[in-house]
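Undergrad: Mind having a look at this structure? Questions to follow.
Please treat every number below as a calculation from the coordinates, not as lab data. The model shown is predicted, which means the values in this text are computed figures rather than measured ones. Glycine also receives a Cβ, built like all others from the backbone with ideal geometry; neighbour counts cover every protein chain displayed.
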Amino acid sequence: MATRKKVNKQVNLERVAMRVPAAIKEKFERAAYLKGETFSGWAKTVLAEAADRQIRDHEFFEMAIADRLSFMEAVLSPPKPTRVAVDAAKRYKKVLGL
C-alpha cells in the first residue's frame, strides 16, 4: 500500500525591517496589545490596509484625470450630430417657434 507524504505549501516570506524612534515603537506595540495581536501580526495588517488604501486612492486619482481629459476633449472637439439629433433639433425649434 502506497502512502502519501504531506507536502507543506509554504508561502515565500520576505523580511521587512525599519528603524523608528522608541516612542513610535512603543505606540505601535500598545496599539497591537489593544487589538490583542502580536506586534508582527498587527504591523502586517496595518501595513497591508494602508497599502491597499494608498493604491486605491492613486488609481481613483488617475481615473479622475482620465475622465477630466475625456470630458474636455468632448467639449473642445464635439462629434458631429447624428441625423436623428439634427431632426430632433428641427422639431424642437418648430415647436418653440424659433
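Undergrad: Treat the range 22-96 as a sphere of radius equal to its Kirkwood radius over Cα pairs and apply Stokes-Einstein at 25 °C in a medium of 0.890 mPa s; give the translational diffusion coefficient in µm²/s, rounded to a whole number. Mind showing how you got there, number by number?
TA: Working: Rh = 17.6 Å.
For the chosen part, D equals 139 µm²/s.
Undergrad: Roughly how many debye, to the nearest 20, is the charge dipole of the chain about its Cα centre, given +1 on each Lys and Arg Cβ, -1 on each Asp and Glu Cβ, and no other charges? Kindly include the intermediate steps, with their values, before the conclusion.
TA: Details: 20 positive and 12 negative charges, 95 e Å.
For the chain, the charge dipole is close to 460 debye.
Undergrad: In whole Å, what is the distance between the alpha-carbon centres of the range 61-91 and the range 10-54?
TA: That distance is 48 Å.
Undergrad: Pop a pseudo-label 7 angstrom from the Cα along the beta-carbon direction at both L47 and M72 and give the gap in nm to one decimal.
TA: Distance between the two pseudo-spin positions: 3.8 nm.
Undergrad: I want to check the label-to-label distance for V16 and K94. Put each point 7 Å from Cα in the C-beta direction and report it in nm to one decimal.
TA: 6.8
Undergrad: Would you mind checking the tilt of helix 22-35 against the longest principal axis of the Cα atoms of the chain, expressed as 0 to 90 degrees and rounded to 10?
TA: The answer is roughly 80 degrees.
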